[in-house]
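For reference, the structure discussed in these notes is given below.
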Amino acid sequence: MAPFLQVEKLSKAYQADRPVFADVSFSAQRGEFVCLIGHSGCGKTTILNVLAGLDSATTGHVFVDGREVRGPGLERGVVFQNHALLPWLTVRRNIAFAVKSRWPSWKAAQVDEQVRKYVELVGLGHAIDKKPFQLSGGMKQRVGIARAFAIEPKLLLLDEPFGALDALTRGTIQDELMAIVRRTGQTVFMITHDVDEAILLADRILLMTNGGDTPGGYRPGGLAEVVRNPLPRERSRAELHRLPGYYELRNHLVDFLVSRAKAA
Amino acid sequence: MSSAFDVRTTLASLLLLLFVLGGWQLATDGTGSRGPAVAVSLSEEEREYLRMLGKDPDAATAKRDGFPSPITVARSAWEHLADPFFDRGPNDKGIGLQLLYSLARVATGFGLAVLVALPLGFLIGMSPLVRGALDPFVQVLKPISPLAWMPLALYTLKDSNVSGVFVIFVCSIWPMLINTAFGVASVRREWLAVAATLEVSRLRKAFCVILPAAAPTIVTGMRISIGIAWLVIVAAEMLVGGTGIGYFVWNEWNNLSLPNVIFAILVIGVVGMILDKMLGALQRLVTYVE
Ligand SMILES: Nc1ncnc2c1ncn2[C@@H]1O[C@H](COP(=O)(O)OP(=O)(O)O)[C@@H](O)[C@H]1O
Ligand SMILES: [Mg+2]
């Protein structure tokens, strides 16, 4: 069976002779959770934007569900790095905007029902009529997640969704996220720079290197390794560090980030 | 701010007003006491002549006394406010009626400018090509005093009323055009990205994302425009005459009726303030916190 998400030989160059990354290929099966880890500036957001259809690669192709990506589409839901809520709309209307875009023929009541369902799912029922500025950073990020989930996309693209949150809030939302995608069977591509987050959530972890000058000349960034998560799929944050294989995996990832991810 | 602070500022404002009025009254009191002496200098024939012209000889003497006192101005204000909408021929209309003429011109010119500036500003803001092409024209046209268009307007439009509206249109358009273009061009990229990933149609994107995002900047432009329009309408009406609050000021100056001139100045200020407050309210309505 062809993979649900297929990325082939992607490269992006803002300067022709110094591509940010090159030869990036990977795939994800339907229902798989894939994390991309790398240092800041290596091109993670650029790759996600190409998958989302918001940016175009210099070379290479992206296929989702057998069809080549040529622009943004409703079958791919994006959670942006800084939530990107429309600040003049309430939580309800922010999500309703997405739901109405997905199902233009729906009646108001039907839209509202869908909105409520996903607002409840991220535990924000009490804040549904608040505007984004009245919410904490964690709550805003949850609204961003609810908005992406409410259009029921086949592929979810998340760009460091928990980067700006405190550890406690991050843990709660990670649990929520995992519970939702396990239930819906959606395919997820998520960027993070948090090793434990990747170990908790991902079935596979893509390790990405930064481009840079080496003694042998400029070397573009790219995928160094794809790590399969050996831990059982039903795992929780609390017991994570007690699972066999956890420390080996964690050390491997940290080693990569500390010693191999940067060219210099 | 606390309400105690508000009370204090209001009190200070009132005190300042009293101070200014008191100073004004004191400064003009001398001329007031000289009043009778000047009145005596009017012969009985002169007084009769003034009555035949339909003018009050006592008021006429007051005019010649130099700068009117606040009391005189208040008296003239009271007369105007008691009957603001009378119409006794082209040179004698109530101040309310004249204001309505001016406001109608401003509303028409400003409204037309909104209809042109908003869509054009959207186009400029969304397309770097259009922006580049139109920029030199905007740069040259913007600094032209709107009144400089008056002769051309009068020649081509052949109507002083329409020319007044045109001048208001011309002076209103630039701040709105520039602010709309700027507001549209600086809509946050991630909001546009949200619209793109949701496959929102161009029209819906324009009305549901770009317009609300740029609205505070656009309304700021409208507020600047209405302020300029209200400045310009007075000058324009002085120039072309006929009707309006600007013409009223000019006419009262020709009548040497300074109390009326001063009252009209106050009215211009108050109406200008109300216009600004209206746009200010609209601004509060569309402003969002990020
Ligand atoms: N529009 C652009 N023009 C030039 N360089 C860019 C542009 N956008 C991103 N870059 C560069 O591409 C690299 C990758 O950026 P990004 O994908 O945001 O990295 P990451 O998300 O991994 O931190 C960075 O070094 C950045 O400077
Ligand atoms: Mg990034």
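The values are calculated or read from the model by the stated rules, or taken from the named source; none is laboratory data. Fair warning: this is a prediction, and the values are worked out from it, not measured in the lab. Don't worry about glycine lacking a Cβ; one is built from the backbone with ideal geometry, like all the others, and counts go over all protein chains shown. We work out accessible area using only protein heavy atoms, side chains counted, and drop any ligands, DNA or RNA first. Shrake-Rupley method; radii C 1.70, N 1.55, O 1.52, S 1.80 Å.
For B:ARG88 and A:ALA108, what is the calculated FRET efficiency with R₀ set at 45 Å and r taken between the beta-carbons, to the nearest 0.05?
Numbers: r = 58 Å, r/R0 = 1.29.
With a Förster radius of 45 Å, E is 0.20.
What residues of region B:202-235 lose no less than 20 Å² of accessible area with every protein chain in place versus their chain by itself (probe 1.4 Å, heavy atoms only)?
Relative to the lone chain, where solvent access is computed with a 1.4 Å probe, region B:202-235 loses at least 20 Å² at B:ARG204, B:CYS208, B:VAL209, B:PRO212.
What does the structure give for B:188-196 when I average, per residue, the other chain Cβ atoms found within 10 Å of the residue Cβ? Show your work: numbers first, answer last.
Numbers: counts 4, 2, 9, 5, 2, 8, 15, 5, 7.
Per residue, the number of nearby Cβ atoms from other chains is 6 on average.
Scale the Cα Rg of chain A by the rule-of-thumb value 2.2 N^0.38 Å and send over the ratio, two decimals.
Details: Rg = 18.8 Å, N = 264, 2.2 N^0.38 = 18.3 Å.
That ratio works out to 1.03.
Identify the residues of region B:88-114 with backbone N under 14 Å of a label point that sits 7 angstrom from the Cα of B:ALA133 along the Cα-to-Cβ direction, or state none.
From region B:88-114, the list is empty.
Roughly speaking, what % of Cα-Cα pairs in chain B are separated by over 30 Å, rounded to a whole number? Could the numbers behind the result be given before it?
Values: 20916 of 41905 pairs.
Value for chain B: 50 percent of Cα pairs lie more than 30 Å apart.
Placing +1 on the Cβ of each Lys and Arg and -1 on the Cβ of each Asp and Glu in the protein assembly as shown, which of A:LEU124, B:PRO259, B:ILE226 has its Cα farthest towards the positive end of the resulting dipole?
Among A:LEU124, B:PRO259, B:ILE226, the one farthest towards the positive end of the dipole of the protein assembly as shown is A:LEU124.
Buried accessible area for the B:A pair, summed, 1.4 Å probe, in Å² rounded to 100? Let's see the in-between values first.
Working: alone 17140 and 12490 Å², together 27920 Å².
Using a 1.4 Å probe on protein heavy atoms, the buried area is about 1700 Å².
Which value in deg cm²/dmol, rounded to the nearest 500, describes the helix-derived mean residue ellipticity at 222 nm for chain B, given -39,500 (n - 2.57) per DSSP H run of n ≥ 4 and division by the residue count?
Details: 13 runs with 231 residues, N = 290.
My calculation for chain B gives -27000 deg cm²/dmol from helical runs alone.
Which whole number gives the average count of other chain Cβ atoms within 10 Å of the Cβ atoms across peptide A:83-96? Mind showing how you got there, number by number?
On the way: counts 2, 8, 4, 10, 7, 10, 4, 0, 0, 0, 1, 1, 0, 0.
Mean partner shielding for this stretch: 3.
Determine the order of A:LYS154, B:LYS93 by accessible area, beginning with the largest, at a probe radius of 1.4 Å. Before the final figure, lay out each step's value.
On the way: A:LYS154 90, B:LYS93 25 Å².
Ranked from most to least accessible, the order is A:LYS154, B:LYS93.
What number in nm² do you get for the protein assembly as shown if you take the convex hull of its Cα atoms and divide its surface by four? Provide the component values of the computation, followed by the final result.
On the way: hull surface 151.6 nm².
For the protein assembly as shown, averaging the hull's shadow over all directions gives 37.9 nm².
Which of the DSSP-defined H helices in chain B satisfy a minimum axial length of 15 Å, computed from C-alpha atoms, and a minimum mean Kyte-Doolittle hydropathy of 0.5? Kindly include the intermediate steps, with their values, before the conclusion.
Working: long enough: B:3-41 (56 Å, 0.82); B:70-82 (18 Å, 0.21); B:95-126 (45 Å, 1.75); B:128-141 (19 Å, 0.96); B:160-185 (38 Å, 1.59); B:211-240 (40 Å, 1.67); B:258-286 (42 Å, 1.73).
Taking the DSSP H segments of chain B (at least 15 Å long, mean hydropathy at least 0.5), we get B:3-41, B:95-126, B:128-141, B:160-185, B:211-240, B:258-286.
Any chance you could run the full-extension gain for B:VAL140 through B:ASP29? It's 0.36 nm times the residue separation minus the Cα-Cα distance, nm to one decimal. Spell out each step's value before the answer.
Values: separation 111, 0.36 × 111 = 39.96 nm, distance 5.09 nm.
Between B:VAL140 and B:ASP29, full extension yields 34.9 nm more.
Net charge around A:PHE26, counting only other residues with Cβ within less than 13 Å of its Cβ (Lys, Arg = +1; Asp, Glu = -1)? Please report the intermediate quantities before stating the final value.
Numbers: positive: A:LYS9, A:LYS44, A:ARG204, A:ARG228; negative: A:GLU8, A:ASP23, A:GLU32, A:ASP203, A:GLU225.
Once all neighbours under 13 Å are counted, the net charge is -1.
Which residues does the label zone of B:GLN283 cover in region B:212-252, counting backbone N under 13 Å from a point 7 Å along Cα→Cβ?
Under 13 Å, as judged by backbone N against the label point of B:GLN283, lie B:216-228 of region B:212-252.
Given a 1.4 angstrom probe, what's the average accessible area per residue across chain A, in square angstrom?
Here the per-residue accessible area is 44 Å².
Could you work out the equivalent-ellipsoid semi-axes for region A:29-103, taking the square root of 5 times each eigenvalue of the Cα gyration tensor, largest first, in whole Å? Please list the in-between numbers first.
Numbers: eigenvalues 122, 59, 31 Å².
Those come to 25, 17, 13 Å.
Work out which residues of region A:122-152 lose at minimum 30 square angstrom of accessible surface when the other protein chains are put back, relative to the chain isolated, with a 1.4 angstrom probe, and list them by number.
Checking the loss per residue gives A:PHE133.
Tally up the carbon and sulfur contribution to the accessible surface of region B:95-286 as a whole percent, 1.4 Å probe, everything protein left in place. Display every interim value, and only then the final one.
Values: 6730 of 9120 Å².
It is 74 percent, rounded to a whole number.
Using mean Cβ contacts within 10 Å as the protection proxy, how do A:11-18, A:112-119 order, highest first? Numbers along the way, then the final one.
Working: A:11-18: 12.5, A:112-119: 18.5.
Ranking, from highest mean packing down: A:112-119, A:11-18.
Taking 22 Å as R0, compute the FRET efficiency from the Cβ-Cβ separation of A:ARG233 and A:THR172 and round it to 0.05. Please list the in-between numbers first.
Working: r = 20 Å, r/R0 = 0.92.
Once the sixth-power term is evaluated, E becomes 0.60.
Note every residue of region B:257-290 with a reduction of at least 10 square angstrom in accessible area, all protein chains present versus the isolated chain, computed with a 1.4 Å probe, or write none.
B:TYR288, B:VAL289, B:GLU290
What shape does region A:83-152 take by its C-alpha gyration tensor, where a ≥ b ≥ c are the square roots of the eigenvalues and a/c under 1.5 counts as rounded, a/b above b/c as prolate, and the rest as oblate? Walk me through the intermediate numbers first.
On the way: a/c = 1.76, a/b = 1.63, b/c = 1.08.
Note, shape of region A:83-152 comes out prolate.
Is any helix in chain A, taking whole DSSP H runs, at least 27 angstrom long along its axis by alpha carbon and on average at least -1.0 on the Kyte-Doolittle scale, and which ones? The partial results should precede the final answer.
Values: long enough: none.
Helices meeting the span and hydropathy rule in chain A: none at all.
Around B:ALA117, what is the net charge, scoring Lys/Arg as +1 and Asp/Glu as -1 over all other residues with Cβ under 14 Å from its Cβ? Working shown, then result.
Values: positive: B:LYS142, B:ARG223; negative: none.
Local charge sum for B:ALA117: +2.
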